[in-house]
Amino acid sequence: MLAMNKIKVLGIASVAIAATVVITSCKDKRSTGWEYAPNMYEHIAYDPDQANPNFKDGKTAQTPPAGTIPIGFVTFDYPNTKDGYEKAGTEVTSPLPQTEANMADGKVLFEHFCSPCHGMNGQGDGLVVQHGYPAPPSYSSGVSSRGGNMKDLTDGKIYHTITYGVNAMGSYASQLAPEERWKVIMYVHHLQKQ
């Protein structure tokens, strides 16, 4: 008799569990159930592209105040002109010390960003030249399109060229941070002596 009661109780419990599963699964299909931390899904902050009633113009993404610059931004106050190039050539010098570490960093950066055109030794024989593109002048014996020998280019002229680009070379300002540009320049001076 006791065994029959146990079987009866187990049967009733099984039917109750099965009925509960069926009833809850047929509920609203859009419900994902309980949320552990709803504020992770329904944040109160505005997205940059959303309307925002907290500002007069109704935009979340506001224009920065006039005259402000981003943290870490370094200005280069020489225009992208021949005069700006010449002025930078006489006034701008590298703020970095000549160290082995800076030279090694400059070599790595040069090999990654500059050697495809300028070649590993700065002779203007990079891979793109081998594919039919015009060769840039050699650092040690070439002549600059802006006048003067490449081996005589100053810190400022090279920095100006990296920042703005010239002829077929585009600007590398978005690829190389200002400190990285100075390291590349340090290595280019090494190649100019070869």
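No lab work stands behind these numbers, since they all come straight from the coordinates. Since the structure is predicted, the reported quantities are computational estimates derived from the model, not experimental observations. FYI the Cβ positions are ideal-geometry reconstructions off the backbone, even for glycines, and counts take in every protein chain you see.
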Practice task
Kindly state, to the nearest 0.05, the FRET efficiency for Glu100 paired with Ala61, given R0 = 45 Å and r defined as their beta-carbon distance.
Solution key: 0.50
Fill in the blank from the handout: Taking every other residue with Cβ under 14 Å from the Cβ of Met120 and scoring Lys and Arg +1, Asp and Glu -1, one gets -1
Completion exercise
GNM on the chain, Cα springs under 10 Å; top mean-square fluctuation among Met103, Met40, Met120 goes to Met40
Practice task
Specify, per residue and in Å³, the volume enclosed by the convex hull of the alpha carbon atoms belonging to the range 40-115.
Solution key: 251
Practice task
Could you work out the longest stretch of the chain that avoids the chymotrypsin sites (Phe, Trp or Tyr not before Pro) located in DSSP loops with at most 12 other Cβ atoms within 10 Å?
Solution key: 74-194
Completion exercise
Connecting every pair of Cα atoms under 10 Å apart in the chain and solving the GNM, the largest mean-square fluctuation among Ser14, Ser144, Ser115 falls on Ser14
Exercise for the section: Assign one of three labels to the range 101-194, namely rounded, prolate or oblate, based on the Cα gyration tensor with a ≥ b ≥ c the square roots of its eigenvalues; rounded applies when a/c is under 1.5, prolate when it is not and a/b is larger than b/c, and oblate otherwise. Expected result: rounded
Exercise for the section: Taking the dipole about the Cα centre of the chain, with the C-beta of Lys and Arg at +1 and of Asp and Glu at -1, give me whichever of Pro134, Phe113, Ile158 is farthest to the positive side. Expected result: Phe113
Practice task
Sum up the charges of everything whose Cβ sits under 13 Å from the Cβ of Pro136, counting Lys and Arg as +1 and Asp and Glu as -1, but leave Pro136 out.
Solution key: 0
Practice task
Quick one: check the C-alpha center-to-center distance for the range 37-60 versus the range 112-189, whole angstrom.
Solution key: 46
Exercise for the section: Just tell me, in residue order, which DSSP H segments of the chain are both 27 angstrom or longer along the helix axis (alpha-carbon based) and at least 0.0 in mean Kyte-Doolittle hydropathy. Expected result: 2-25
Exercise for the section: Assuming a ≥ b ≥ c are the square roots of the Cα gyration tensor eigenvalues, decide whether the chain counts as rounded (a/c under 1.5), prolate (otherwise, with a/b larger than b/c) or oblate. Expected result: prolate
